[in-house]
1. Taking the Cα atoms of segment 2-105 alone, what are Rg (to one decimal) and Dmax (as a whole number) in Å?
2. With each pseudo-label sitting 7 Å past Cα toward Cβ, what's the residue 160-residue 339 distance in nm, one decimal?
3. Using alpha-carbon pairs under 8 Å, 6+ residues apart, how would you state the relative contact order of the chain in percent?
4. Assuming R0 = 22 Å, what is the FRET efficiency of residue 111 and residue 81, from their Cβ-Cβ distance, to the nearest 0.05?
5. Over every pair of different alpha-carbon atoms in segment 58-207, take the mean of 1/r and invert it; report that Kirkwood radius in Å.
6. Which shape class, rounded, prolate or oblate, goes with segment 186-342 when its Cα gyration tensor gives a ≥ b ≥ c as root eigenvalues, a/c under 1.5 marks rounded, and past that a/b bigger than b/c marks prolate?
7. Does segment 96-183 come out rounded, prolate or oblate, given a ≥ b ≥ c as the square roots of the eigenvalues of its C-alpha gyration tensor, rounded meaning a/c under 1.5 and, failing that, prolate meaning a/b above b/c?
8. Can you give the calculated 222 nm mean residue ellipticity of the chain, where each DSSP H run of n ≥ 4 adds -39,500 (n - 2.57) and the sum is split over every residue, rounded to the nearest 500 deg cm²/dmol?
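Taken together, the values in this text are just the output of simple stated rules run on the coordinates, not laboratory data. Nothing here was measured: the structure is a model prediction, and the numbers come from that model. No Cβ is skipped: glycine too gets one built from the backbone with ideal geometry, and neighbour counts run over all protein chains shown.
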Ligand code: ADP
């Protein structure tokens, strides 16, 4: 068997977690990033110095590998499309990326395929006219460039219209009190699909970062199956090949609405490493190398929380309490090797598995209090 050489545009923790899987299987992952100390490299990827927006650097990455994938949406999709047009293998297909990296295009595809989503109106952000097209509060989203809540503004009423984002995109109807769900979907080049369990996400309002993930979600099985079905239909609508994170809202009246899709492995799928027969990263490897997809069954209930930098510190990374977690059965910490830490920086994650959902939750709640990750200097002002 020839060794698999995979390229990834970007060098974040998703690339790093993929590198660990690829290395375990005897392959090599080459990560394109300006920083030789990026998380992917610290976690075992080969470094290819360059910029994810540069067509020349993406070409250089392609010259070293058999297939290319992405670590994040904000990459030069046109350069990937050119490679693909030359017959080079890019996963997901750049045509899918062209649609999915634009949130307005995502909404239009949902609408065209009768996939339920919160009603929306295109809106360019230049004046406040049209901000209330879907009523108040207005949920305004930038079409491009936003992630982790940065491209979303929730405007309570006309008096706050000045807080809108000066970016084109759309406004959509506010969904009150929804449970936020996620379904990871894998789809291979032959069109076979697999989903993992529907999971439930709780967010940290301070940075709009995923604070707690519960797998499976605490919702009726019928609803969970419906969410998995909708997520699969959504990926089929985009002819998506690869791994995708589909975020949904379960409204107070029990309706499922698709919120958005990430065309890559996803934070809400990290628990699959420890809790499922096949992780999202292993499945990504299978798809990238043309192997058959494997079983996505969940072996035990799990919770996952992100390790975010303590808000009172910055500077060189200090980790406290790791040993306690390492000694606890069922608790699996992952650190991304980031040398410096600032408030709310995503530094790692912890997955907790147990025989029952209640036990996983209790162990997770405890583990959360036992570990701290922070900079070495207290922020004074
Ligand atoms: P991002 O790509 O930055 O994660 P999202 O579209 O997921 O952006 O929005 C971030 C968060 O904003 C969501 O997790 C949710 O809590 C809130 N949000 C987004 N859309 C709505 C909506 N229509 N109604 C209510 N809250 C929303």
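1. 12.8, 41
2. A separation of 4.0 nm, rounded to one decimal place.
3. Dividing the mean separation by the residue count of the chain yields 13 percent.
4. 0.35
5. About 17.7 Å for segment 58-207.
6. Prolate, because a/c is 1.5 or more and a/b exceeds b/c.
7. Here segment 96-183 falls in the prolate category.
8. -7500 deg cm²/dmol
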